[in-house]
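Step one of this worksheet: look at the structure below.
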Amino acid sequence: ALVGLKVVNEQGEDLGVIQELLDTGANDVLVLRGERRRLVPFVSGAVVKSVDLAAGVVTVDWDREF
C-alpha cells in the first residue's frame, strides 16, 4: 500500500517516491527513487511522522542530504 507514495520531509522537501520496502529484520526500509536513490528506515514516530493514504504522501523526519 505504501509503494508509489510520495515522500516529503518535515520541511516540505520532496525526497522521492517509494519504489519498494526492504525487510531488514529490525525494521522495514523505504527505498525511494527521486533525483537519487534514498534508503529511509520505516520507524513510526521517530522517522515516519505521518502516512496520508488519501493524499498519497508520507512525511518523514529526514534530512534531504542523507
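The values are calculated or read from the model by the stated rules, or taken from the named source; none is laboratory data. As the structure is a computational prediction, the values presented were derived from the model and not from experiment. In this analysis, Cβ positions are derived from the backbone assuming ideal geometry, glycine residues included, and neighbour counts consider all displayed protein chains. Ligands, DNA and RNA are stripped out before the accessible areas are found, and what is left, the full protein with its side chains, is counted by its heavy atoms. Shrake-Rupley method; radii C 1.70, N 1.55, O 1.52, S 1.80 Å.
Summary of values
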{"item": "Residue match in the range 43-50 (condition: open to solvent by less than 70 Å² (accessible area, probe 1.4 Å), in a strand (DSSP E or B) and without any contact (Cβ under 8 Å) to a residue 40 or more places away in the chain)", "result": "yes"}
{"item": "Check on V17, within 11 Å of the chain's Cα centre (by Cα) and in a strand (DSSP E or B)", "result": "yes"}
